[in-house]
Amino acid sequence: MHDSPHTVRDVMTRNPVAVGRDAPFKDVVTLMDRWKVGALPVLEGEGGEGRVIGVVSEADLARPGGLTAGELMNAPAVTVHADATVAEAARVMARRGVKRLPVVDGAGALRGIVSRADLLKVFLRADEELTEEVRREVVDRLFPLYADHIRVEVDEGVVTLTGWIDSPEPAPVAERLARAVEGVVDVHCHLCPVSARDDPH
């Protein structure tokens, strides 16, 4: 297993272009064209400084009556912290239906931006490769006596662990370690203690 999973900090674009709430429509369009980006973080404060309050995308530019970034933007912004794992960022993007996320610090100030394309490299590992690593680094290490009773299946980066283990306590650990494997998108853990198999109820 890798020493630690990639974080957003590893793949994000630093010092991204952003606009203030009062930036005129024309300035937003000009910046998107100049920097070849499909969305811009909108920041509170003069001159585009301060915390992220929204995001204005190309689709938002068609919104009627919007003359400034603040009127056009989607708010509140869907953001992520730099120490989030790449997998966590990917899940946020998928759940919220966005292609890029502003990266913020604890105060909500902009520190970077991460796009779907930035995350792709980590998620290009084959399911077979992920299956092998999860079995070797998680199942074989945590459950040496029960490894033959545990099935590891990976479909599109989603790991499913099923089988019998000696006690319930290690199951959350197995799930956490499996999530830490580079390229794993999500984990479904269905590991049950052997005692449950023998329970008539």
Relative contact order [Cα under 8 Å, 6+ residues apart], the stretch 78-152, whole percent: 22
Label-point gap, in nm, between D166 and C192 - each point 7 angstrom along Cα→Cβ: 2.1
Calculated on alpha-carbon atoms, Rg and Dmax of the stretch 72-114 in Å: 10.0, 30
Ratio Rg/Rh [Cα only; Rh per Kirkwood] for the stretch 136-201: 0.98
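Looking at the chain, which longest stretch skips every one of the trypsin sites (Lys or Arg not before Pro) that is in a DSSP loop with at most 15 other Cβ atoms within 10 Å, leaving the sites themselves out?
Counting at most 15 other Cβ atoms within 10 Å as exposed, the longest clean stretch of the chain is 100-201.
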Accessible area per residue, Å², the chain with all protein chains present, probe 1.4 Å: 57
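Kirkwood Rh, Cα Rg: Rg to Rh for the chain?
Taking Rh as the inverse mean 1/r over Cα pairs, Rg/Rh reads 1.14.
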Summed residue charge, Cβ within 9 Å of L72's Cβ, Lys/Arg positive, Asp/Glu negative: -1
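Taking every pair of alpha-carbon atoms in the stretch 32-135, give the share separated by more than 18 Å as a whole percent.
Here the long-distance tail beyond 18 Å is 54 percent of all Cα pairs in the stretch 32-135.
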Per-pair calculated FRET efficiency, R0 = 45 Å: A75 and D148 via Cβ, rounded to 0.05: 0.30
R0 of 22 Å, Cβ-Cβ distance R176-E128: FRET efficiency to nearest 0.05: 0.45
Simple spin-label estimate for A117 and R96 in nanometres, 7 Å along Cα-Cβ: 2.1
Area projected by the alpha carbon convex hull of the stretch 124-166, averaged over all directions, nm²: 2.7
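Once the Cα gyration tensor of the stretch 84-201 is found, what semi-axes does its equivalent ellipsoid get, as square roots of 5 times the eigenvalues, in whole Å, sorted largest first?
Its equivalent ellipsoid spans semi-axes of 33, 16, 12 Å.
If you build the Cα gyration tensor of the stretch 95-152 and take the root of 5 times each eigenvalue, what three semi-axes come out, in whole angstrom, biggest first?
Whole-Å semi-axes of the equivalent ellipsoid: 36, 15, 10.
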Check: the chain dipole with +1 on Lys, Arg Cβ and -1 on Asp, Glu Cβ, in debye: 820
Among A62, A147, A171, residue whose mean-square fluctuation peaks in a GNM of the chain (springs only between Cα atoms under 10 Å): A62
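The values are calculated or read from the model by the stated rules, or taken from the named source; none is laboratory data. Being a predicted model, the structure only gives us computed values, none of them experimental. In this analysis, Cβ positions are derived from the backbone assuming ideal geometry, glycine residues included, and neighbour counts consider all displayed protein chains. Please note that ligands, DNA and RNA were not included when accessible areas were found on the heavy atoms of the full protein model with its side chains. Shrake-Rupley method; radii C 1.70, N 1.55, O 1.52, S 1.80 Å.
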